[in-house]
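Quick notes on the structure that follows.
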Amino acid sequence: MFPANHWHTSSDYQPIAVHCDYVPLSHLARYLSTSAQKILAIISFGKDIPGAATLPCPLNKVDTPQLDNTSMVEVWASPGPVSHGEQHGIHYSASDEVFFGSIHIAELGQAPLDVISRKTHRNIFDLLQAKGYPHLIRVWNYLPNINQITNGLERYQLFCLGRHQAFSERNNFSERDLPAASTIGTRDRNFQIYFLAARQAGKQIENPRQVSAFHYPRCYGPRSPSFSRAVLKKWKGEHHLYISGTASIVGHESCHHGSPQEQLRETLCNIESLLERAKHTANVDCGSLCNPSSMKIYIRHAQDFEQIKRALEKRISHKIPMLYLQGDICRSDLLLEIEAMCHMHRY
Ligand code: 3EB
């Protein structure tokens, strides 16, 4: 009944520390009442979640509306018991192995965005340290008006500046520990961050076709974006590859201005290259481009949706859970960005 998600259907199934499902909004109540899994977090895209106020887990309504006519919610779950809490405005769930946090950030027009970003990231790091899950694995950032210029810098660049400061102030900070991430612009009010963290670190995977984002030259902003192209995490039961938001960037430059088709092709090349890289550096088979566990496609202009979907369906099986979302990409010349998760087996 629910979209096929082959994390559940492998023949050697055993409880996996964390998994993620896309569930039709209309089935959510039933899913929650029948699932043996404990819910870590629920994310909706442009829609309210009915009855949400009664749920103890972090809830995120992200202002990236779905472009097709389905209403899906993203549900993160754990096989074991989950506890919930809140600190510094960060709502969280934690199981034995996994920590899921979420924060809504008020921009009251007082502090500049870099200051807010730095403080928020510090609060996240302090919480993760205190709770014993110091390793950020995967982060999603949703930032209103991401391409707007304020104080001479794009809001994305201010966000990156504060994030960079907070990361570099961490004890024993290493670029190799940067999480996978997506940073997407919204056209509504909500500035929010949600994230997955762990007791043990994941492994950074970079893309040989692209300059590492944390080494981008200064022309893209005073401080580089603090993320890895992908993180491979060995949970109990399974290895997951978390692929960051990936776009039509080769080296450090955006390619194929104005062409969604060409940008899609380049983006898929980048993801293939990353999968190849993961296979060699970590000795795991993440499958090929055609069978990720799930994918999200962020599209800047709603009118590009149909052609992007048609082109993508020629490359990716229709069985793969996919969400098409309207979102702004952090460089104004980029028309789309794709993130993915893969599960895999050791050789
Ligand atoms: C890029 O490759 C495209 O700043 O957290 C993708 C994923 C992008 C994450 C981030 C930015 C971020 O530079 C943009």
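Points worth noting:
- The listed residue being at pLDDT 95 or above, over 23 Å from T267 (Cα atoms) and among the hydrophobic types (A, V, I, L, M, F, W, C), out of F191, F167: F167
- S182 satisfies every condition listed in (1) open to solvent by 20 Å² or more (accessible area, probe 1.4 Å); (2) within 13 Å of the ligand (Cβ to nearest atom); (3) in a strand (DSSP E or B) except (1).
- The lone exception for A311 - which of (1) farther than 18 Å from H257 by Cβ; (2) surrounded by fewer than 21 Cβ atoms within 10 Å (Cβ to Cβ); (3) not polar (S, T, N, Q) it fails: (1)
- Residue that is nearest to the ligand (Cβ to nearest atom), among those in segment 227-239 that are buried (at least 23 other Cβ atoms within 10 Å of the Cβ) and assigned to a loop (DSSP other than H, G, I, E, B): F227
- Selection within segment 166-179: residues that are out of contact with any Gly (no Cβ under 9 Å at 6 or more places or on another chain) and outside any loop (DSSP other than H, G, I, E, B). The member of this set that is nearest to the ligand (Cβ to nearest atom) is F167.
- For Y242, the conditions (1) more than 13 Å from the ligand (Cβ to nearest atom); (2) open to solvent by less than 60 Å² (accessible area, probe 1.4 Å); (3) farther than 29 Å from I149 by Cβ all hold with the exception of (1).
- Selection of segment 292-326 for residues being of a type in the set (S, T, Y) and more than 16 Å from the ligand (Cβ to nearest atom) yields S293, S294, S317, Y324.
- Test: residue in segment 127-138 that is away from the ligand (no atom under 15 Å from the Cβ), part of a strand (DSSP E or B), modelled with pLDDT of 95 or more and open to solvent by less than 70 Å² (accessible area, probe 1.4 Å): yes
- Applying the condition of being buried (at least 22 other Cβ atoms within 10 Å of the Cβ) and more than 16 Å from the ligand (Cβ to nearest atom) to segment 327-347 and asking which residue is nearest to D188 (Cα to Cα) yields C342.
- Summed over segment 279-303, the residues that are at pLDDT 85 or above and either surrounded by fewer than 18 Cβ atoms within 10 Å (Cβ to Cβ) or under 18 Å from the mean Cα position of the chain (by Cα) (or both) give a count of 13.
- Selection count where residues are farther than 13 Å from H343 by Cβ and either under 18 Å from the mean Cα position of the chain (by Cα) or modelled with pLDDT of 85 or more (or both), scope segment 2-20: 0
- Of the residues making up segment 185-216, those that are among the polar types (S, T, N, Q) and within 13 Å of the ligand (Cβ to nearest atom) are N207, Q210, S212.
- Screening R163 on (1) within 12 Å of the ligand (Cβ to nearest atom); (2) farther than 23 Å from N60 by Cα; (3) of a type in the set (D, E, K, R) shows it passes everything except condition (2).
- Unmet criterion (only one of (1) farther than 14 Å from G202 by Cβ; (2) over 21 Å from the mean Cα position of the chain (by Cα)) for L275: (2)
- Checking each residue in segment 94-137 for being of a type in the set (S, T, Y) and within 17 Å of K233 (Cα to Cα) picks out S95, Y133.
- When segment 187-219 is filtered for residues that are open to solvent by 60 Å² or more (accessible area, probe 1.4 Å) and either out of contact with any strand residue (DSSP E or B) (no Cβ under 6 Å at 6 or more places or on another chain) or not in a strand (DSSP E or B) (or both), the ones remaining, listed by number, are R187, D188, R189, R199, Q200, P208, R209, H215, R218, C219.
The values are calculated or read from the model by the stated rules, or taken from the named source; none is laboratory data. Quantities reported herein were computed from a predicted structural model and do not represent experimental measurements. Note: ideal-geometry Cβ built from the backbone for every residue, glycine included; neighbour counts use all protein chains shown. When the accessible area is computed, the model is the full protein with side chains, heavy atoms only, and any ligands, DNA or RNA have been set aside. Shrake-Rupley method; radii C 1.70, N 1.55, O 1.52, S 1.80 Å.
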